[in-house]
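All remarks here apply to the structure that follows.
The values are calculated or read from the model by the stated rules, or taken from the named source; none is laboratory data. What you see is a predicted model; the values in this text were computed from it and never measured. All Cβ positions, glycine included, derive from the backbone under ideal geometry; neighbour counts span all protein chains shown. Areas reflect the complete protein model, heavy atoms only, side chains present, ligands, DNA and RNA absent. Shrake-Rupley method; radii C 1.70, N 1.55, O 1.52, S 1.80 Å.
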Amino acid sequence: MSNVTTADEPPLHASSDTVVGVICVLVSSLGLLGNVTAAFIFCCELKRYVNEKKLFFDILFLFISVNDIFCCASIIPAAAPYFAGRDKVLFGNSVFCDVWGVVWSIIPYFSVFLVGVMSVTRTYFLFCPRTRPNCAVLVVVVLIYLVFLVLRSVVPLLATSQTTALYEYFTDVAICIETVDTLNQYWFFKMYANQIQLLLPIIPVTVSALLSFAVLRRRPRGVQSSTARLQADATLTILLVTLVYWVCNVPVVVNYVYFYVVKMLKYQGDDQHSDMYNTTFLYWYSWSLTLVVSVGVNSFLNPVIYLTRMKRYRKRSMMYEGKLKFEKRTVAAMKE
């Protein structure tokens, strides 16, 4: 990653940048619409207390939707550099760069944590169906982890002197990220710790998904009770959310492992433009696609899963759409 432009950089194609920028705009705008709608619907569903398990997962889906709202909103300024030849645009303001960097250092980790909690708890309830979920404990655990992420990102920023920038704009990533300090051992420790936070949930999420799939395959395909069908549908929905998480988040982990393990150990932080990133795609797009675009695509796809997999979500959406059309017709009739 580099925050300067040098002569030995691979060529940057404006047309490719435009395509990535358009993808960012579409993902952020459609994702915002879908997740705001999802958050509103899940809030309404919380009022319709049916059973504790439904309430438990509605709370989780609400947390995921709110996090996805922040994710899609954060991608809007990240799209601008792709239309400006990788110029800083809004990231040229140091305050905006720091604030955006702090927000983005929270969103992906919180998203991975929520998916991990959802996947593991769903598998646990499949094997222990009579267990009563504790929604209060869920909220407390999620908020504690969120506070930890906020403190982890904000405290170093407040402790940094005014003459030292904690977050900088990097042209190859096209966003503000934490300043690379390969001479600081604490920086190495922090970076490795951050990547462990991204990597570790993959293990329980994958194991939980495989166990859930095995449980679904074991169940008879004949006549099932309505409760069993609902449980199977809910489990399949969570498996799809987990699959989307896998597809969208594993590439960035692979890229981080490639960067830190190979580059830092083999090159000792030297030779910024080594043979590791010597092509246009690897240098200009491997980080931006895995670190930003794929996370945004994940946030965009979650409401699509809700809409296609959750019958009550579709009913709520159709109800509000019909209500909105009725109100428009009423207003038009009154004007006439």
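Quick rundown of the values:
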item	result
Residue 51-residue 76 pseudo-label distance in nm [points 7 Å out on the Cα-to-Cβ vector]	4.0 nm
Residue list for the stretch 283-310, given a label point 7 angstrom along the Cα-to-Cβ vector of residue 30 and an amide N cut-off under 17 Å	293-309
Gyration tensor (alpha-carbon) shape descriptor, the stretch 1-159, a/c threshold 1.5	prolate
Contour excess over end-to-end distance, with Cα ends at residue 194 and residue 103 and 0.36 nm allotted per residue	31.3 nm
Cβ crowding within 10 Å averaged over residues, with 204-214, 167-177 ranked highest first	167-177, 204-214
Residue 151-residue 124 FRET efficiency (beta carbon distance; Förster radius 30 Å; 0.05 resolution)	0.55
Burial order of peptide ranges 125-136, 96-107 (average beta-carbon count within 10 Å, highest first)	96-107, 125-136
Cβ charges +1 (Lys, Arg) and -1 (Asp, Glu), total dipole of the stretch 28-106, debye	120 debye
Selection from 83, 27, 95 lying farthest towards where the dipole of the stretch 27-151 points positive, charges on Cβ	27
Sulfur and carbon atoms: percent of accessible area, the stretch 1-111 [1.4 Å]	72 percent
